[in-house]
1. I want to confirm something. Restricting to region 160-177 and keeping residues that are in contact (Cβ under 8 Å) with a residue 60 or more places away in the chain and either assigned to a strand (DSSP E or B) or within 22 Å of the chain's Cα centre (by Cα) (or both), which single residue is surrounded by the fewest Cβ atoms within 10 Å (Cβ to Cβ)?
2. Only one of (1) over 20 Å from the mean Cα position of the chain (by Cα); (2) farther than 28 Å from residue 325 by Cα; (3) touching a residue at least 12 places away in the same chain (Cβ under 8 Å) is not met by residue 348, so which one is it?
3. In region 1-20, which residues are assigned to a loop (DSSP other than H, G, I, E, B) and within 22 Å of residue 38 (Cβ to Cβ)?
4. Could you grab me the full set of residues in region 87-120 that are part of a helix (DSSP H, G or I) and either more than 28 Å from residue 294 (Cα to Cα) or at pLDDT below 90 (or both)?
5. Can we say residue 100 is in the same structural domain as residue 34 (by TED's automatic domain parsing), touching a helix residue (DSSP H, G or I) at 6+ places or on another chain (Cβ under 8 Å) and closer than 30 Å to residue 223 by Cα?
6. Could you list, in sequence order, the residues of region 121-136 that are assigned to a loop (DSSP other than H, G, I, E, B) and either over 19 Å from the mean Cα position of the chain (by Cα) or at pLDDT below 95 (or both)?
7. How many of the residues making up region 52-69 are surrounded by fewer than 20 Cβ atoms within 10 Å (Cβ to Cβ) and in contact (Cβ under 8 Å) with a residue 24 or more places away in the chain?
8. Go through region 9-51 and give me each residue that's more than 16 Å from the chain's Cα centre (by Cα), buried (at least 21 other Cβ atoms within 10 Å of the Cβ) and closer than 20 Å to residue 86 by Cβ.
């Protein structure tokens, strides 16, 4: 028997499956199967791949009725057919999948921010933690701070310590600014973050948008964007820098508040805003230890609601939980391509659960060449200013990077570090001197560890450029057919 968790209906739909021993047997993104970026709907292929069967409970990641009430408050019409969890699930689950999971199964739904919190806390190494969730919007919550712990029987307990509600939202602000510079909201926020390094912030922007920094209240409802905002001729890069500055000041207020609540010195940080690795650089100033599950956005909440249904700590080992491309990791084949052509794709093993490739669905390159960054951006059809991340053998990270306070390692690319010799590794350093570093431990589940070890022996360089195996606007490569198409379209060998 298993528990099925579902996140669907808004963006980046996903499912997760937990067995009754707390093992994660599958977690994957719908977009990888439909080939539609940020696909908000589920498809039969993802259920078939998950091998879903003998389900005891289906958990949904938010409360449909509360969401309907908030949309009514916004001015939208009330959808009577989406009031209850069973109605939503009946529409979300495709017909053949309904047959796969059977009938008579219990259905549960949980508050949106609580699902985020559980995805973080119940996968974390902590028995007690302060949990901070920041996103665009749940049902009504936009920021929540929780006290989380396990009781004597091992069940997770959550106490909401503080919250801010709609329409005052850091996530909506950042999405509005993403749209303001001509990017796609709810998808391109990470590009805005990258643009910020090329701009100079206008500190007046903060006061133009923020009414009260302590309570995180904004002057206007930014749900509809801010395209009518007069930027006084600011460049797009300066707008991005101003948005990033504003976000970081507000994040300081939230984390300072969370620390002063004095629940725990362990931080679990979740929600879409937790993907802003530039802002995450300063988290160590507030907490001794930090855990960000590698899928902190809405897709990760399919695991969160399943964890809530399970009730106890779940067995988190690694994020390689999706589609499997069987076979040994192609270490020698990858090395040959790197040594001769300096760039290669890898599609091997189980796909990553989360927006960032960590070695199993990656485009890898030698980080030392000046031409590499432009070459990879050209292959991926991305803007030339976009940065790339280094993956490095964990034990060498301090020899090459100045890690931020509170972060000895960064296995999931969740924080930026300062590269000590940027001229030697120009392909993996951003304009501000930072790199979104990925440290690869000795017990890494992916064969990328063995690859890095051999690459280090051959070259004296313990790191590689690592970016997701996709092109702009498309989901990551999922299976071997996707890999073959990538090879055909972009002329880069993909090893499996």
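The values are calculated or read from the model by the stated rules, or taken from the named source; none is laboratory data. The structure presented is a predicted model; accordingly, all values stated were derived computationally and were not measured. Virtual Cβ from ideal backbone geometry, glycine too; neighbours counted across all protein chains shown.
1. Ranking the qualifying residues of region 160-177, first place goes to 162.
2. Result: residue 348 passes all but (2).
3. If the condition is that a residue be assigned to a loop (DSSP other than H, G, I, E, B) and within 22 Å of residue 38 (Cβ to Cβ), then 8, 9, 10, 11, 12, 13 are the ones that fit.
4. Within region 87-120, 87, 90, 91, 95, 96, 97, 98, 99, 100, 101 qualify.
5. no
6. 126, 127
7. So the answer is 7.
8. Within region 9-51, 17, 42, 47 meet the criteria.
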